[in-house]
Amino acid sequence: MFKIRYFSAHSDFKTGKFCKFSIFIGVLLLIIALFFIISGYLIGEGSSGILGQIYYLSTSTIPYSILAFSIIFLATGVILYFFYCQFAKLAKIADEIEKVDESNDITDK
């Protein structure tokens with residue numbers, strides 16, 4: 001038999017932490033992608049050494065792949081933020097219902 005599990009309204013399944021983590025990773029990847037894309041325009045073809053490697057990476061598809069992952073992480077963070085706000089509203093409603101129930105119990109005695 002399956003046990004019925006009740007989740008507390010105060011437990012938001014850690015969406016706040018996952019939201020912050022996802023947005024942090026998204027912004028970090030966005031900065032890295034923009035660094036490669038902008039530096040590719042500024043460096044030029046004739047560079048050698050480390051600048052040549054950065055130019056070579058900026059002309060490949062790697063910065064655009066990083067940009068795509070950045071967009072995915074940012075969108076996930078926004079969705080998780082929405083869930084976090086909804087769980088906060090649910091907790092507020094649950095607190096109000098508990099207060100009403102407690103006041104009814106006190107008046108009934």
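At-a-glance table
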item: Residue within region 42-62 that is modelled with pLDDT of 90 or more and part of a helix (DSSP H, G or I) present; result: yes
item: Any hit, region 51-58, residues being of a type in the set (Val, Ile, Thr) and surrounded by 14 or more Cβ atoms within 10 Å (Cβ to Cβ); result: yes
item: Where a residue in region 26-39 is under 12 Å from Ser65 (Cα atoms) and modelled with pLDDT of 95 or more and its partner, wherever it lies, is assigned to a helix (DSSP H, G or I) and aromatic (Phe, Trp, Tyr), with Cβ under 8 Å and at least six apart; result: Leu29/Phe69; Leu29/Phe73
item: Sole residue being assigned to a helix (DSSP H, G or I), aliphatic (A, V, I, L, M) and loosely packed, with under 14 Cβ neighbours inside 10 Å, chosen from Ile66, Ile31; result: Ile31
item: Filtered residues of region 72-109 (kept if surrounded by fewer than 11 Cβ atoms within 10 Å (Cβ to Cβ), modelled with pLDDT of 75 or more and acidic (Asp, Glu)); result: Glu96
item: Boolean, Thr15 is among the polar types (S, T, N, Q), modelled with pLDDT of 90 or more and within 15 Å of the chain's Cα centre (by Cα); result: no
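The values are calculated or read from the model by the stated rules, or taken from the named source; none is laboratory data. Here the structure is a predicted model, which is why all the values come from computation and not from measurement. Backbone-built Cβ (ideal geometry, glycine too); neighbour counts: all protein chains shown.
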